[in-house]
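Colleague: Below is the structure I would like to discuss, written out as structure tokens.
The values are calculated or read from the model by the stated rules, or taken from the named source; none is laboratory data. Treat the numbers as computed from the prediction; the structure is a model and nothing was measured. As a convention, Cβ positions derive from the backbone with ideal geometry for all residues, glycine included, and neighbour counts pool all protein chains shown.
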Amino acid sequence: MNSSETRTGVTPADFDAIMREKVPFVGDMGVRTVSLSDDTAILRWPFIERHLRPGNVITGPAIFALADIALYAVAWLVVPKADLAVTTEATVHFLSGAKPGDLMAEAKILKAGRRLLIAECHIRSAVDGSLCAHVVGTYAMPPAEK
């Protein structure tokens, strides 16, 4: 599959539109989907200066927000309409300070069951490629349509 083909047919443009229309808070953040494949989502969040904290690094809440959005994106790779998928658990390991600049998220499915999806996400600085955070999350998936 190429970067625009998924099991569910959701494209990067589709996911961005879903965020704008169904989750306006996320849609307003400016996160853009770079690519979606069978089990991976790559997203980019353009730098916003107000996300800096003392020490000239991007805040942890901003980093986690991007990771959660990327994990939600991979839920859409499993279920054609994952509107009702919700985060049930997440573990965040902050590994290095994210320098001022765009952030990149790469989320990958670890296990997709009928009721739960477990995925991991790496957040990297687009400035120097450094790994800023590793997140493992679980999503409760909506019941299959009959």
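Colleague: Given the range 1-116, what helices (runs of 4 or more DSSP H) lie entirely inside it while holding 3 or more residues that are surrounded by fewer than 14 Cβ atoms within 10 Å (Cβ to Cβ)? Before you say what the answer is, go through the steps one by one.
Modeller: Values: elements: 12-22, 24-27, 60-78.
The qualifying helices (runs of 4 or more DSSP H) are 12-22.
Colleague: Hey, another quick one. In this structure, is Ser96 within 15 Å of Val135 (Cα to Cα), touching a strand residue (DSSP E or B) at 6+ places or on another chain (Cβ under 9 Å) and either at pLDDT below 95 or of a type in the set (Ser, Thr, Tyr) (or both)? Quick ask: steps written out before the conclusion?
Modeller: Working: within 15 Å of Val135 (Cα to Cα): yes; touching a strand residue (DSSP E or B) at 6+ places or on another chain (Cβ under 9 Å): yes; either at pLDDT below 95 or of a type in the set (Ser, Thr, Tyr) (or both): yes.
Yes.
Colleague: Another question about this same structure. What's the number of the condition Val31 fails, among (1) in contact with a Lys or Arg (Cβ under 8 Å, 6 or more places away or on another chain); (2) at pLDDT below 95; (3) not basic (Lys, Arg)?
Modeller: Unmet for Val31, out of (1) in contact with a Lys or Arg (Cβ under 8 Å, 6 or more places away or on another chain); (2) at pLDDT below 95; (3) not basic (Lys, Arg): (2).
Colleague: If you check Gly60 against the conditions, is it modelled with pLDDT of 95 or more and either over 18 Å from Gly137 (Cβ atoms) or within 16 Å of the chain's Cα centre (by Cα) (or both)? Walk me through how you get there before you give the answer.
Modeller: Numbers: modelled with pLDDT of 95 or more: yes; either over 18 Å from Gly137 (Cβ atoms) or within 16 Å of the chain's Cα centre (by Cα) (or both): yes.
In short, yes.
Colleague: Looking at Pro24 and the list (1) under 24 Å from Val127 (Cβ atoms); (2) at pLDDT 90 or above, which single condition is not satisfied?
Modeller: Result: Pro24 fails condition (1) only.
Colleague: Can we say Thr11 is modelled with pLDDT under 95, in contact with a strand residue (DSSP E or B) (Cβ under 8 Å, 6 or more places away or on another chain) and polar (S, T, N, Q)? Steps first, please.
Modeller: On the way: modelled with pLDDT under 95: yes; in contact with a strand residue (DSSP E or B) (Cβ under 8 Å, 6 or more places away or on another chain): yes; polar (S, T, N, Q): yes.
Considered against the rule, which asks whether it is modelled with pLDDT under 95, in contact with a strand residue (DSSP E or B) (Cβ under 8 Å, 6 or more places away or on another chain) and polar (S, T, N, Q), Thr11 comes out as yes.
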